[in-house]
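Undergrad: This is the structure, below, for whatever I ask next.
The values are calculated or read from the model by the stated rules, or taken from the named source; none is laboratory data. This structure is a prediction, so every number in the text was calculated from the model and none was measured. Here the Cβ positions follow ideal geometry from the backbone for every residue, glycine too, while neighbour counts run over all protein chains shown. These area figures cover heavy atoms from the full protein model, side chains too; ligands, DNA and RNA do not enter into them. Shrake-Rupley method; radii C 1.70, N 1.55, O 1.52, S 1.80 Å.
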Amino acid sequence: MIEPAASRPRKVRLGDLLLEHKVISQGQLEAALADQRKSGRRLGRVLIENGFLSEDQLLDFLSRQLNIPYVDLRQYTFRPEVVRLIPEAHARRFRVIALAVEDHAVLVGFADPIDIFAYDEISRLVQKPLKPAVVKEADLLKAIDIVYRRTDEISGLAAELEQELAAYDIDLGLAAAEATTDAPVVKLLQTLFEDAVQVNASDIHIEPDEKALRIRFRIDGELRVQTVADRRIAQALVSRLKLMAGLDISEKRLPQDGRCQVRVRDARIDVRLSTLPVQHGESVAMRLLNQSTGILALDGLGMPEGLLKRLHAMIRQPHGMVLVTGPTGSGKTTTLYAMLEALNGPSVKLLTVEDPVEYRLEGVNQVQVNPKIDLTFARVLRAFLRQDPDIILVGEMRDAETVEIGLRAAMTGHLVLSTLHTHDAVSSTLRLMDMGAEPYLVAASLRGVMAQRLVRRICDSCAEEVAATPAETAALRSCLGDEVPIALRRGRGCAFCHHTGFRGRIGVYELLEIDEPLAHALQSGKPELFVKEAAAQAAYRRLQVEALAQVARGSTTLDEAMRAVYGTG
């Protein structure tokens, strides 16, 4: 039974209401209305974006005038069965979210509580009386992305696939794989990709165990179980993924690598796929690369201003080698692409050799190595030198031959950018010599090394200030000094951060410039002298110090900083 019309929100004109209570002036209203006619946006949003009043002021005013509650979604505990009373498409269209069922009525959060059309449509949809509440639009959109997870849908599709495969033997062969290329296996995979993109997962792992199939997402650097399904559907999923990536579906004994592209909503996602034969079938790991988001600008990576200025100067030099170092998953490729984006232009020729090519850059000649035909890093690098390049990017310094050619290219008039798997900037130069590079060549060619890590950022939606313990204060003061203010925070855990207390990641960087004293130390062949000179460099700040600086700013926690830098915590 739909509630009587008398309980509907009364129809009001927001501008007149704000003007009547002297929240805005006549001039501000006229300016906002003119802007609204041009842009088509809602009047409230126009008033906020023009700075005539804040969103908090508007929501508080509407709450009082309409006699409805204001709900802070950042602190709200959502119940999936209640949220799904309103389908996701309607929630996004009308900017609403179902919050609770109270006395046979549904408490619904509205970004625009005076939208009578939205109210009537949602009331008709849920077939229950509505209790409107006012919520922040930005928080509402975040909440929709989080609470409309496809976990139940994925589990249902997995069960449907299991039933469809019941007629086949447990050991699914090629015929079974071909028979299941239609729904529900395709629907299941599409839903998996949609859910992964919605929660900003970087990887999907499909892992068969003895009794179950486990599917996990890597979010903010940590793996989280998405669903557990019957192990019998594993081969159907793997076969379909192999077909998508152009791999041999009959080969189950050897690892295979491939890539494919999927469309999720309006985004184009590149999927790098790796299969591995394990005890109970084949494990699949997929790296997701969203081609629609574009390359991050170097200025947008969150580097300290002083370090960023030094890095810009370093990569603007006409020749020399600049290395980015760190473990797998520390964001090295993102930083390299940001450097290329800063350097790219019609007056320079850029060549890259990668394994694989992750992002396509306009105006850049990109080559992917292929060991099967002996198209290696070293071979491509030699060919590059005959292509008259200005800047060369080498995906990774993997072997002595690649290092040697790269260093000589840097010494003979080219800017060479590359990565290396070492723990910090100082050890990178020593690692080059361990790989066989002559000390004089490293000293003459290397311009600088940047080491980096990614640490999880405290969730802004549930962050709270905490008092530093004596041990924390002592640790921070010993590295940062007594002058640096300390403002520690932690995340309590909320729906926006999946109750982890963290949402998103930030970079921690150290930059070592190879100046004259360091070059002399390298040429001497004495590692201890180089380490001593590096520590004495005025502008050099170790990763540990930068990580603790983020802790003192309240961006992350001490345990998270230590885990990222030292691998502990």
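Undergrad: As I understand it, the dipole of the chain uses +1 on the Cβ of Lys and Arg and -1 on the Cβ of Asp and Glu, about the Cα centre. Which of 77, 351, 191 lies farthest toward its positive end?
TA: The Cα lying farthest towards the positive end belongs to 77.
Undergrad: Something else about it: What order, most packed first, do the peptides 264-270, 352-358 have when packing is the mean number of other Cβ atoms within 10 Å of each residue?
TA: 352-358, 264-270
Undergrad: Take the alpha carbon atoms of the stretch 49-83, find their center, do the same for the stretch 85-153, and report the distance between the two centers in whole angstrom.
TA: A separation of 13 Å, based on Cα centres.
Undergrad: Here's something else I'd like to know. Can you find, among 437, 208, 126, the residue farthest towards the positive end of the dipole of the chain? Put +1 on the C-beta of Lys and Arg, -1 on that of Asp and Glu.
TA: 126
Undergrad: Send over the per residue convex hull volume for the stretch 231-302, Cα only, as a whole number of Å³.
TA: Residue-normalised Cα hull volume stands at 129 Å³.
Undergrad: Continuing with this model, one more query. Under 5 Å between amide hydrogens, which residues at least 5 positions from residue 393 or on another chain qualify, with H placed 1.01 Å from N in the peptide plane?
TA: Placed amide hydrogens put 351, 352, 353, 417 under 5 Å from residue 393.
Undergrad: Could you give the size of the charge dipole of the stretch 228-358 about its Cα centre, using +1 on the Cβ of each K and R and -1 on the Cβ of each D and E, expressed in debye and rounded to the nearest 20? Let's see the in-between values first.
TA: Values: 17 positive and 13 negative charges, 37 e Å.
Using only the charged Cβ atoms, the result is roughly 180 debye.
Undergrad: Please tell me the relative contact order of the stretch 340-461 in percent, rounded to the nearest whole number, where contacts are Cα pairs under 8 Å and at least six residues apart.
TA: So the answer I get is 20 percent.
Undergrad: Additional query: What are the extents of the Cα atoms of the chain along their three principal axes, listed from largest to smallest and rounded to whole Å?
TA: For the chain, the Cα spread along each principal axis is 87, 69, 53 Å.
Undergrad: Another one. With a 1.4 Å probe and all protein chains kept in place, how do 456, 477, 408 rank by accessible area, largest first?
TA: The ranking, largest first, comes out as 408, 477, 456.
Undergrad: Which entries of 211/332; 211/242; 128/211; 309/532; 38/332 show an alpha-carbon separation above 32 angstrom in the structure shown?
TA: Long pairs (Cα-Cα over 32 Å): 211/332; 128/211; 38/332.
Undergrad: What number comes out for the charge environment of residue 503, summing +1 per Lys or Arg and -1 per Asp or Glu over other residues with Cβ under 14 Å away?
TA: Here the charged neighbours net out to +3.
Undergrad: Okay, moving on. Quick one: work out Rg over Rh on the C-alpha atoms of the stretch 398-539, Rh as Kirkwood radius.
TA: My calculation puts Rg/Rh at 1.12.
Undergrad: Now a separate question. Per residue, how much accessible area does the stretch 384-445 show when a 1.4 Å probe rolls over the protein heavy atoms, in square angstrom?
TA: For the stretch 384-445, the solvent-accessible area averages 39 Å² per residue.
Undergrad: A further question follows. For the stretch 1-150, what is the charge dipole size about the Cα centre, in debye to the nearest 20, if Lys and Arg each add +1 at the Cβ and Asp and Glu each add -1 at the Cβ?
TA: Using only the charged Cβ atoms, the result is roughly 380 debye.
Undergrad: Okay, next question. By average Cβ neighbour count within 10 Å, what is the ranking of 49-57, 188-196, 99-107 from highest down?
TA: For the peptides 49-57, 188-196, 99-107, the packing ranking is 188-196, 99-107, 49-57.
Undergrad: Straight-line reach from residue 142: which lysines have Cα under 22 Å away, leaving out those fewer than 8 places along the same chain?
TA: 131
Undergrad: Place the peptides 154-161, 79-86 in order of packing, highest mean first, counting for every residue the other Cβ atoms within 10 Å and averaging per peptide.
TA: Packing order, densest peptide first, comes out as 154-161, 79-86.
Undergrad: Once every DSSP H run of n ≥ 4 in the chain is given -39500 (n - 2.57) and the sum is divided by its residues, what mean residue ellipticity at 222 nm do you get, rounded to the nearest 500 deg cm²/dmol? Numbers along the way, then the final one.
TA: Details: 23 runs with 228 residues, N = 569.
After summing the helix terms and dividing by the residues of the chain, the value is -11500 deg cm²/dmol.
Undergrad: Something else: Which whole-number percent is the relative contact order of the stretch 492-569 (Cα, under 8 Å, 6+ apart)?
TA: Answer for the stretch 492-569 is 21 percent.
Undergrad: Long-range amide H contacts for residue 86: which residues qualify at under 5 Å (H placed 1.01 Å from N, peptide plane, sequence gap of 5 or more or a different chain)?
TA: 98
Undergrad: Once you keep just the Cα pairs under 8 angstrom separated by 6 or more residues, what percentage relative contact order results for the chain?
TA: Working: 966 pairs, mean separation 53.9, N = 569.
Normalised by residue count, the contact order of the chain is 9 percent.
Undergrad: Could you state the accessible area per residue of the stretch 1-153 in Å², with a 1.4 Å probe and every protein chain left in place?
TA: Here the per-residue accessible area is 52 Å².
Undergrad: Report, to the nearest whole %, how much of the accessible area of the stretch 503-569 belongs to carbon and sulfur atoms, 1.4 Å probe, protein only. Walk me through the numbers on the way to the answer.
TA: Working: 1570 of 3130 Å².
Answer for the stretch 503-569: carbon and sulfur cover 50 percent of the accessible area.
Undergrad: Just to confirm a number: summing +1 for Lys and Arg and -1 for Asp and Glu over residues other than residue 440 whose beta-carbon lies under 13 angstrom from that of residue 440, what do you get?
TA: Once all neighbours under 13 Å are counted, the net charge is -1.
Undergrad: A follow-up question, please. With unit charges on the beta carbon (Lys/Arg positive, Asp/Glu negative), name the residue among 488, 511, 499 whose Cα is farthest towards the positive pole of the charge dipole of the stretch 459-518.
TA: The residue sitting most towards the positive pole is 499.
Undergrad: Grab the other residues whose beta carbon is less than 14 angstrom from that of residue 95, score K and R as +1, D and E as -1, and report the net.
TA: Result for the local shell: -1.
Undergrad: For the chain, give the magnitude of the charge dipole about the Cα centre (Cβ charges: +1 Lys/Arg, -1 Asp/Glu; no others), in debye to the nearest 20.
TA: Roughly 780 debye for the chain.
Undergrad: Something else now. Go through the chain and flag any cysteine with no other cysteine's C-beta closer than 4.7 Å, please.
TA: Unpaired cysteines in the chain: 260, 479.
Undergrad: Provide Rg and Dmax in Å for the stretch 346-472, with only Cα atoms included in the calculation.
TA: 19.1, 61
Undergrad: Residue by residue through the stretch 90-101, which ³J(HN,Hα) values in whole Hz follow from phi under the Karplus form 6.51 cos²θ - 1.76 cosθ + 1.60 (θ = phi - 60°), with glycine and proline marked x?
TA: 6, 4, 6, 5, 9, 6, 9, 8, 7, 10, 6, 10
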